[in-house]
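See below for the structure under consideration.
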Amino acid sequence: MALALPLMGAGALAQQVPTTAATPPPGPGLDLINERCGFCHTIGQVFQKRRTEADWAATVQGMADRGAEVSPEEIKTITAYLAQNYALSPATPGAAPAPAGK
C-alpha cells in the first residue's frame, strides 16, 4: 500500500502537466487567423478542432455572421487553410459508420 501512494501521486502530477500543441504550419490563412480570430477566443481553440471542409466553411461563415471582420475572400483563405491543416482524419474505406447517438 505504501508503494501505491507515491505512484498515485505521480499519476496525478502527470495529469496536471499541460501538453504542448504542435506549431501551426505557416501560410496566409494562419496570418489571417492570428489577426482576426483572437479577438473572441484563443487561437489554441481554433487549432484543437478537426472538421470537414464544409464544416470549416460553415464555422468561419458563422464567425463572420457574428461580427468577425473578414471579407469573403479572407473567409475562403481561412477555410482553405483550416481544411488543409485541421481536417478530420479520412475514414478508412469499408469501415462501418459509428453507431448513432455516440
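The values are calculated or read from the model by the stated rules, or taken from the named source; none is laboratory data. Because the structure is a prediction, the values reported are computed rather than measured. As a convention, Cβ positions derive from the backbone with ideal geometry for all residues, glycine included, and neighbour counts pool all protein chains shown.
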Just to be sure, is Gln61 polar (S, T, N, Q) and either within 22 Å of Thr77 (Cβ to Cβ) or modelled with pLDDT of 60 or more (or both)?
yes
Spans of helices (runs of 4 or more DSSP H) in the stretch 1-51 with at least 1 residues farther than 20 Å from Val70 by Cα and at pLDDT below 50
4-16
Across the stretch 63-81, what is the number of residues that are part of a helix (DSSP H, G or I) and surrounded by 13 or more Cβ atoms within 10 Å (Cβ to Cβ)?
10
Subset of the stretch 37-62, residues more than 18 Å from Ser89 (Cα to Cα), surrounded by fewer than 18 Cβ atoms within 10 Å (Cβ to Cβ) and either touching a residue at least 24 places away in the same chain (Cβ under 8 Å) or touching a His at 6+ places or on another chain (Cβ under 6 Å) (or both), comes to Phe39, Cys40
